[in-house]
Amino acid sequence: MELLTISKAAKKLGVHPNSLRNWEKQGLIKPVRLPGGQRRYSVDELNWLLQSGRLDTGQENVILYARVSTKKQADAGNLNRQIERLRQYAEEKGYSVIAEYTDIASGLNQKRHGLTNAFKLAEQGEYKKLIIEYPDQLARFGYLYIERHLRYCGVEITAIAEKEPEDAQSELVRDLLAIVTSFSARLYGARGGKKVRQGFRELIAGVESDEKAEEEQKEVE
């Protein structure tokens, strides 16, 4: 009887190794245990399971993730509209949405509750696609590291929007403000960081003023 390690068995079935562990708990599959406790899977049993269709590999399972940077944007309905667009996309593609996660936080924030939950389910092999509108919703910087980690978990990131929304420019300025302020405070002390922060606040005010003027001009036209 040919036996496979959990990684090779998962690759054969096209799932994450955590899916095999979950199926074992559900009694859908029973691996052979070596004296050291390692799992080994019978090729014959794997082939039978593939042919029988008893195992749901979750290839169509997806998670929706939406983010806005401020409560003001959320109160204006931006977060809800974002989720609705993601739902519509998933419905058109025939995907099964198993969870929806949202965050109101900067793209630099590493402690986002919604994104953390999405990672946990990915690591458990619960879904195959993470649907977002555009890459910066996951991270302003370090997107490739997130993409690599999710790919290791068997999850593909799908960004459905061709370009970022119009308010993305002001969010980018805010993120740059946070970065520059942090480094300036370390280099020049609190006083130097405070001066840099004030300068960037004036820049943000200018950007927001320009955006407001553009919106008013569009309404006139």
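The values are calculated or read from the model by the stated rules, or taken from the named source; none is laboratory data. If you're wondering where the values come from, they're calculated on a predicted model, not measured in any experiment. A quick note on method: Cβ atoms are made from the backbone with ideal geometry, for glycine too, and the neighbour counts reach across all protein chains shown.
Kindly list, by first and then second residue, each pair from a residue in the stretch 65-93 that is in the same structural domain as Asn117 (by TED's automatic domain parsing) to a residue that is among the hydroxyl-bearing types (Ser, Thr, Tyr) and part of a helix (DSSP H, G or I), limited to pairs with Cβ atoms under 9 Å and residues at least 6 apart or on different chains.
Ser69/Ser170
Here is a yes/no grid of residues against (1) among the hydroxyl-bearing types (Ser, Thr, Tyr); (2) out of contact with any strand residue (DSSP E or B) (no Cβ under 7 Å at 6 or more places or on another chain); (3) in a loop (DSSP other than H, G, I, E, B); (4) at pLDDT 90 or above:
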{"residue": "Asp56", "(1), (2), (3), (4)": "no, yes, yes, no"}
{"residue": "Gln59", "(1), (2), (3), (4)": "no, yes, yes, no"}
{"residue": "Val62", "(1), (2), (3), (4)": "no, no, no, yes"}
{"residue": "Ala66", "(1), (2), (3), (4)": "no, no, no, yes"}
{"residue": "Arg85", "(1), (2), (3), (4)": "no, yes, no, yes"}
{"residue": "Glu100", "(1), (2), (3), (4)": "no, no, no, yes"}
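Inspect the stretch 128-136 for any residue being within 28 Å of Gly14 (Cβ to Cβ) and part of a helix (DSSP H, G or I) and give the result as yes or no.
yes
Mind listing just one residue for me: the one in the stretch 82-115 that is acidic (Asp, Glu) and under 14 Å from the mean Cα position of the chain (by Cα) and, of those, farthest from Ile160 (Cα to Cα)?
It comes out as Asp103.
Check the stretch 29-44 and report whether any residue there is outside the structural domain of Tyr152 (by TED's automatic domain parsing), in contact (Cβ under 8 Å) with a residue 40 or more places away in the chain, more than 18 Å from Leu121 (Cα to Cα) and surrounded by 14 or more Cβ atoms within 10 Å (Cβ to Cβ).
Yes.
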